[in-house]
Amino acid sequence: MVPSYGSNMTAPISYELLAAGALLLCAAALLLSRRKIRMELDHSPITDELMVCLVRLASAVEALRGPGQEEITRNVLVRLHEIATANPKPSAKVREMPISSRPFTPK
């Protein structure tokens, strides 16, 4: 059974707006308090091992990264040049299409 709340929905919407504003204020307060708290770690065997693991993890993630935009562009241009030089004459199935400046009008 679906409850019926009537047609006047102004009070619940205003409560939702107030709750959203309160949550935004809480988030702002947390962000401001986070900026004041700084943690510094002393050197120890555990932190050194943690740094080694983080460096290994970063290297592995970098290795998984795909090729960059420059490399992709270079590969495409090389492939297009290979295609152009490998088959200088077009095949019998390829023909030029005339270009018309008039718009197409169906009959």
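Is it fair to say Thr85 is modelled with pLDDT of 90 or more and in a helix (DSSP H, G or I)?
So Thr85 does not fit the description; no.
In this structure, does Leu57 turn out to be at pLDDT 80 or above, loosely packed, with under 10 Cβ neighbours inside 10 Å and in a helix (DSSP H, G or I)?
no
The values are calculated or read from the model by the stated rules, or taken from the named source; none is laboratory data. What you see is a predicted model, and the numbers here were worked out from it, not measured in a lab. Glycine gets a Cβ as well: all are built from the backbone with ideal geometry, and neighbour counts include every protein chain shown.
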